[in-house]
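The values are calculated or read from the model by the stated rules, or taken from the named source; none is laboratory data. Predicted, not measured: the structure shown is a model, and the values here were computed from it. So basically every Cβ, Gly included, is an ideal-geometry build from the backbone, and we count neighbours across all protein chains shown.
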Amino acid sequence: MAIDIFCKASGASINWNKSKGFWISSEAEPAWKPNAEFRWLVKGEATGYLGTWIGVGIDKGIQLKQIQSKDCDKIRNWSGMNLSLAGKVIIVPS
């Protein structure tokens, strides 16, 4: 399998206990499972990934509002800080 080859070649490994998949094909979900802990998400179910929720059949508007809410919270927290110009230069890109 391609994943096994990649892992051997790169020295990386996948923590299957923390992994979830979502099937985007119109075909039936595959029977393939690397172990008992791994599971496929069903339509409408989401999982956290890089600070936001992703999944199949998830409302994009809800995802956008979540990202905007987090960003607004960060800006509110930063605006209360008395930062120097150097501090602002560091904070703004993040």
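Restricting to segment 44-94, and then to whatever is basic (Lys, Arg) and at pLDDT 80 or above, can you tell me which residue is nearest to LYS18 (Cα to Cα)? Spell out the reasoning first.
Taking segment 44-94 as the starting set, the residues that turn out to be basic (Lys, Arg) are 60, 65, 70, 74, 76, 88.
Then keep just the ones that are at pLDDT 80 or above; that gives 65, 70, 74, 76.
Details: LYS65: 26, LYS70: 24, LYS74: 28, ARG76: 32 Å.
Filtering first and then ranking leaves LYS70.
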Of all residues making up segment 32-86, the number that are in contact with a Gly (Cβ under 6 Å, 6 or more places away or on another chain) and among the basic types (Lys, Arg)
1
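Does ALA12 satisfy the criteria of being surrounded by fewer than 10 Cβ atoms within 10 Å (Cβ to Cβ) and either farther than 30 Å from LYS70 by Cβ or of a type in the set (S, T, N, Q) (or both)? Please lay out each step first, then the result.
On the way: surrounded by fewer than 10 Cβ atoms within 10 Å (Cβ to Cβ): yes; either farther than 30 Å from LYS70 by Cβ or of a type in the set (S, T, N, Q) (or both): no.
Criteria not met by ALA12.
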Give GLY51, GLY44 a once-over and let me know the one that is in the same structural domain as GLU29 (by TED's automatic domain parsing), surrounded by 10 or more Cβ atoms within 10 Å (Cβ to Cβ) and either over 22 Å from the mean Cα position of the chain (by Cα) or not hydroxyl-bearing (Ser, Thr, Tyr) (or both).
GLY44
For segment 1-33, the count of residues that are under 23 Å from ILE58 (Cα atoms) and of a type in the set (Phe, Trp, Tyr) equals 2
